[in-house]
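Worksheet: one structure, shown below.
The values are calculated or read from the model by the stated rules, or taken from the named source; none is laboratory data. In this text, all values refer to a predicted model and were calculated from it rather than measured experimentally. For neighbour counting, all protein chains shown are included, and Cβ atoms are generated from backbone atoms with ideal geometry for every residue, glycine included.
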Amino acid sequence: MIPITKPYFDDDELWLLKECLDSGWVTQGPMTEKFENLFKEEHPCTYAVSVSSCTAALHIALLALGIHAGDEVIVPAFTWITSASCVEYVGADVRFVDVEKETMNIDTAKIEEAITSKTKAIIAVHLFGCPAKMDEIMKIAKKHHLHVVEDCACAIGTTYKGKKVGTIGDIGCFSFHPRKAITTGEGGMCSTNDETLYYKMMQYKNHGANLVKKGADYGKPYYMGIYDDVGYNLRLSDIQAAVGIAQFKKLHKLLEDRKRCADYYIEKLAGNADIILPVMPQEFGHTYQSFVVLLKSGDSELRNQIMMQMRQQEIQSRPGTIAITRTEFNKKKYALKDGDYPVAEFCEDASLTLPIYPFMDFDNQERVIRLICDMI
Ligand SMILES: *Cc1c(COP(=O)(O)O)cnc(C)c1O
């Protein structure tokens, strides 16, 4: 069986896990701090806040920015559902914007028409490791006084015009789910250069404990902290961070090999006029968290036949991701109907994720390419 992705582990993870377990400290602690520091080296930012998932990261990002009921947040129509669920968590409403076929990211030409007097933020998603057009997004945000949260779940290592994603906007949110380039099983990270946002995110992830205000008894053994807001427990554990440290040490090697696989797909499929490939301009540092192709015809029946054939040949595949404007929840809450976001719908119906992971066997990749070329 050729899996759609496969995490890469070696003895480093085992040694660090053993070190963590032997130490007796398994919740947030020294391993988490080391993990955050490694992250900061990779995605230069002043503050990194480790959390239990990217979904948790998005949640505390919106809380820290003060988004609440009555506010609106702009979210692309084609993305993983949590890019929009986080808006619901804080009681705000989503304003969907269609995507463009070329990058499958938000169509920046359509953002301004979605902005109202209630709009407070844009969630810029770097889907599948391809950066969103941040120059355009930041320009619109500045003009309309909007916050920008970067959903970098798929984008560890991704660059935009030479700059690592995650601190172009106010806050970046990363994922270490096994479908992403490096993993801690479940896990996430927030990045920011803003001290106030940092302390707020620390408070929300950690039971509401305020780290800035110090009570009169601060430092005494009986000091219990200041809890002036409701928080959650969204911390990453040191067990997960131990795995993350080992993963970070080989990140560049893993990303390089992922790119090698992507380049090979592109080389072999480039001649096929019926496929839209994820080929990007040089200034977009794509990291290919997923290698997603589109059938130019939009023929979803053919796409489904290909996926059935892939299953028969024991090759895993998935559609790219979801047109979130077609989920039952969003259709009902926002009175949406089919056809409202045609490019997002096209992307869901005509997309196909091909297996990609570091050190993917050459013959396996050839098998995938042959099947695609036989059917399209
Ligand atoms: C995977 C993903 C998420 C969610 O990440 P988790 O760590 O699983 O919560 C959010 N947004 C996008 C675009 C994703 O691909």
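Odds and ends about this structure:
- When residues in the stretch 163-181 are screened for being buried (at least 24 other Cβ atoms within 10 Å of the Cβ) and either among the hydrophobic types (A, V, I, L, M, F, W, C) or over 20 Å from Tyr47 (Cα atoms) (or both), 7 of them pass.
- If the condition is being over 12 Å from Ser351 (Cβ atoms) and touching a residue at least 40 places away in the same chain (Cβ under 8 Å), then the stretch 303-321 contributes Gln305, Gln309, Met310, Gln313, Glu314, Ile315, Gln316.
- Checking each residue in the stretch 309-325 for being crowded, with 19+ Cβ neighbours inside 10 Å and out of contact with any Ser or Thr (no Cβ under 8 Å at 6 or more places or on another chain) picks out Ile315, Ala323, Thr325.
- Among the criteria (1) of a type outside the set (Val, Ile, Thr); (2) over 28 Å from Thr183 (Cα atoms); (3) in contact (Cβ under 8 Å) with a residue 24 or more places away in the chain, the one Glu113 does not fulfil is (3).
- Failed criterion for Thr196 (all others in (1) touching a Gly at 6+ places or on another chain (Cβ under 7 Å); (2) under 14 Å from Ile60 (Cα atoms); (3) among the polar types (S, T, N, Q) hold): (1)
- Residue list for the stretch 309-346, restricted to those being part of a helix (DSSP H, G or I), within 18 Å of Val94 (Cβ to Cβ) and of a type in the set (A, V, I, L, M): Ile324, Val343, Ala344
- Restricting Ile67, Ile81 to those that are of a type in the set (Val, Ile, Thr) and either within 29 Å of Gly162 (Cβ to Cβ) or near the ligand (Cβ under 9 Å from one of its atoms) (or both) reduces the list to Ile81.
- Qualifying position, being surrounded by fewer than 18 Cβ atoms within 10 Å (Cβ to Cβ), assigned to a helix (DSSP H, G or I), at pLDDT 95 or above and not basic (Lys, Arg), among Ile306, Ile266: Ile266
- Selection count, the stretch 269-301, where residues are part of a loop (DSSP other than H, G, I, E, B), within 19 Å of Met375 (Cα to Cα) and touching a helix residue (DSSP H, G or I) at 6+ places or on another chain (Cβ under 6 Å): 2
- Subset of the stretch 92-106 that is under 16 Å from the mean Cα position of the chain (by Cα) and either near the ligand (Cβ under 10 Å from one of its atoms) or in a loop (DSSP other than H, G, I, E, B) (or both) - its residue that is modelled with the lowest pLDDT: Thr103
- Residue pairs meeting the criteria (Cβ under 7 Å; at least 6 apart or on separate chains; first within 25 Å of Val230 (Cβ to Cβ) and outside any helix (DSSP H, G or I), in the stretch 75-91; second more than 9 Å from the ligand (Cβ to nearest atom) and of a type in the set (Ser, Thr, Tyr)): Ile81/Thr327
- Any hit, the stretch 270-278, residues being in contact with a His (Cβ under 6 Å, 6 or more places away or on another chain) and in contact (Cβ under 8 Å) with a residue 40 or more places away in the chain: no
- Residues within the stretch 183-207 that are of a type in the set (Asp, Glu) and under 30 Å from Leu255 (Cα atoms), tallied: 2
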